[in-house]
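As structure tokens, the structure follows; a few thoughts come after it.
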Amino acid sequence: MLKSPHNRIGIALSGGSLKATAHIGVLRALNTLGIQPDCVAGTSAGAFIAALYAHDYTPDELLHLIRRFPGPSLLDYGFPVSSSVFTSLWYRFRRSVNSRTMRIPSGLLRGDKLYRYFRQHFKGRTPSMPYYVIAADLMTGQPVTYSNNQDMIDQGLTDPIVDPALCVRGSCALPGIFTPVRIGSRILVDGAFRHYVPVKILRQAGCNKIIAVNLYSLQHHWQPETIVHVLVRSYDILLQESVEGDLAGDDVMIIEPKVGHFSWLSTREMEHGVTVGQQAVWDQQHRIEQWLRSPATADHRHTASTVQGVCIRISAHK
């Protein structure tokens, strides 16, 4: 058993739609190795997994959720054309509009059923560790982080999580697909537009060892079959530079499950994603353990805030 009070570990889970089941496999393998994080952060689908994990869902419980995933029944069509026409007329006859009264046109999907799905899984549970949900604010163009870490909230580094399901729903609101989410004066969309892999907030939270799980990959052998594939490919290209910036740093251990060939819409591959996530950890097991045992690099110690969290416990099989 290895116990290091000097290393503070955070786990950053990227977006990835249904590919995010690979995150569960990664968490499952890390749990088997006895690696317990100080805090977790997630973007988009990764935000849901991170929030569940912080609310004491075990990897096995998360696997059970996958096997019971309702799939298409979560889709509620939003009638975006008629909604846009109505919204346009609404603005025309309003004398004044501010961010709190602003009407938001519907996306292809309203997202109400998805919100209720998220909410039922947080009901009756309280978080046992700090966690961070990343979204993007359409009003300012800036990233927005929601957390339950009061010290970070007091410093103005994050907004408080009042409704975890609503924050996660905002982090998952891919523009044009899901209707944006309003929280206070903010209009939230998918956090992947600013931080696909939420490493930065974990540094601000005092983590000097960050395990970053990246599900992004730009396939070289790609063929467009539908207009959806074209749109998704365009989005992936825009993500490339952002992801590279997120993952830079000696304080980051990158784990990249091989999910590039998975369809972001297919529910049939979800459980296989767990297996792929586990294998990504086993493939780097020795490297991960050695990295966790090593002292934090001086180059990144100054980037961590003075916010102190729960002491990290690391026990790894030798």
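The values are calculated or read from the model by the stated rules, or taken from the named source; none is laboratory data. Since this is a predicted model, take the numbers as computed values, not measurements. Backbone-built Cβ (ideal geometry, glycine too); neighbour counts: all protein chains shown. Ligands, DNA and RNA are stripped out before the accessible areas are found, and what is left, the full protein with its side chains, is counted by its heavy atoms. Shrake-Rupley method; radii C 1.70, N 1.55, O 1.52, S 1.80 Å.
Things to note:
- Each residue, Ser128 and Thr32, gets one label point 7 Å from its Cα in the Cβ direction; the gap between the two is 2.1 nm.
- Furthest towards positive pole of dipole, Leu138, Ile183, His229, structure part segment 127-252, Cβ charges: Ile183
- Volume per residue of the C-alpha convex hull in segment 132-232, rounded to whole Å³: 118
- Extension reserve of the Val162-His272 stretch, reckoned as 0.36 nm per residue once the Cα distance is removed: 36.2 nm
- Taking the Cα centre of segment 143-285 as reference, the dipole from Cβ charges on Lys and Arg (+1) and Asp and Glu (-1) amounts to some 300 debye.
- Remark: spin-label model distance Val228-Ile66 equals 2.1 nm, labels positioned 7 Å along the Cα→Cβ axis.
- The string of couplings for segment 219-226 from the Karplus curve (6.51, -1.76, 1.60, θ = phi - 60°) is 5, 7, 9, 10, 9, x, 9, 9 Hz, one whole number per residue in order, with x for Gly and Pro.
- Accessible area, probe 1.4 Å, largest first, for residues His221, His121: His221, His121
- Net lengthening on full extension, Arg119/Thr58 (0.36 nm per residue, minus Cα-Cα): 20.2 nm
- Residue by residue, segment 137-154 carries 3J(HN,Hα) couplings of 9, 5, 6, 9, x, 9, x, 10, 10, 10, 8, 9, 8, 5, 4, 5, 5, 4 Hz when phi is fed to the Karplus relation 6.51 cos²θ - 1.76 cosθ + 1.60 (θ = phi - 60°); x denotes Gly or Pro.
- Full-extension gain in nm, Leu218 to Gln290, via 0.36 nm per residue minus C-alpha separation: 23.0 nm
- Ser17, Ser147, Ser106, reordered so the largest accessible area comes first (probe 1.4 Å): Ser17, Ser106, Ser147
- Vicinal HN-Hα couplings computed from phi for segment 195-208 (Karplus, 6.51 cos²θ - 1.76 cosθ + 1.60; Hz; Gly/Pro x): 9, 5, 10, x, 7, 4, 5, 6, 4, 4, 7, x, 7, 10
- Distances between placed amide hydrogens fall under 5 Å for Arg182 paired with Leu188, all partners being 5 or more residues away or on another chain.
- Entry note: segment 181-287 has Rg to Rh equal to 1.00, where both radii use alpha-carbon atoms and Rh is the Kirkwood radius.
- Amide hydrogen neighbours beyond the local backbone of Gly107, cut-off 5 Å, H modeled: Thr179
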